[in-house]
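Report on one structure; see the data block that follows.
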Amino acid sequence: MSAIAKHLADDRPRPRAPVDQLQAGMAFYAALGLDVRHFGPMWHVMKVAQLVETDLNRISGQHGLSIADFHLLGALMMEPDKPMRPTDLALALNVSNAALTARIRKLADRGLVVGAPAAADGRVTVLHLAPQGSEVVLAIGAAIEREGHFVRYFRGLPEADQQALGRILGELHTLMDRHFLPAPRGGPLGG
């Protein structure tokens, strides 16, 4: 039985089925004279992203963090030998410096991130993952693998579908990513 068939066999009450929501949305926008060919894939990506984020926040929350905190810590962990200024981290995470400042302070207060003067220029702060930060990244990563709904359903897809999904989403991500770099100092995102 496929992951989708198992989910459909679950008899817990749930809101209107996603396909019904999609058809209602497409009918509404088509009646306005809009071309809705993109609507289904875009709506599914948006809704799946919302559900995945909710699930990942649930898992990260078991460790007192948000998924955004986990992303920040993970970015520092992936390149431990590369000095990472807060501005570098903001670019890597596609967020503004202002949004990142409070998050860094919170994680530093918890002993997960350490800031230190840069070797080349002591006026510049570089960030490093503290040992406790590494431990929490590994713990959350393992919990996502064990408990994440997306992981479970993705693994239930045939191998060819897993590869196709990864390829298609990767291509869209690459194409769109270049348009969404944070603007300098409080300017609008996107472009």
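Would you please list the contacts, defined by Cβ atoms under 8 Å and residues six or more apart or on different chains, that run from a residue in the stretch 51-72 that is within 8 Å of residue 140 (Cβ to Cβ) to a residue that is assigned to a loop (DSSP other than H, G, I, E, B)?
Hits for this filter: 59/148; 60/66.
Count, please, the residues in the stretch 1-42 that happen to be open to solvent by 90 Å² or more (accessible area, probe 1.4 Å) and either assigned to a loop (DSSP other than H, G, I, E, B) or at pLDDT below 65 (or both).
Of the residues in that region, 14 qualify.
Suppose we filter 82, 106 for residues that are outside any helix (DSSP H, G or I) and within 17 Å of residue 125 (Cβ to Cβ); which single one remains?
None of the other options fit; the residue is 82.
Can you tell me which residue in the stretch 98-140 is modelled with the lowest pLDDT, limited to those that are open to solvent by 40 Å² or more (accessible area, probe 1.4 Å) and hydroxyl-bearing (Ser, Thr, Tyr)?
125
Look through the stretch 168-185, keep the residues that are surrounded by 10 or more Cβ atoms within 10 Å (Cβ to Cβ) and either charged (D, E, K, R) or outside any helix (DSSP H, G or I) (or both), and return whichever of them is modelled with the highest pLDDT.
If we take residues in the stretch 168-185 being surrounded by 10 or more Cβ atoms within 10 Å (Cβ to Cβ) and either charged (D, E, K, R) or outside any helix (DSSP H, G or I) (or both), then 171 is modelled with the highest pLDDT.
If a residue must be open to solvent by less than 30 Å² (accessible area, probe 1.4 Å) and over 18 Å from the mean Cα position of the chain (by Cα), how many such residues does the stretch 43-84 contain?
Adding up the residues that qualify gives 1.
The values are calculated or read from the model by the stated rules, or taken from the named source; none is laboratory data. The structure presented is a predicted model; accordingly, all values stated were derived computationally and were not measured. Positions of Cβ are generated from backbone atoms using ideal geometry, with glycine treated the same way; all protein chains shown enter the neighbour counts. Note: areas computed on protein heavy atoms with side chains; ligands, DNA, RNA excluded. Shrake-Rupley method; radii C 1.70, N 1.55, O 1.52, S 1.80 Å.
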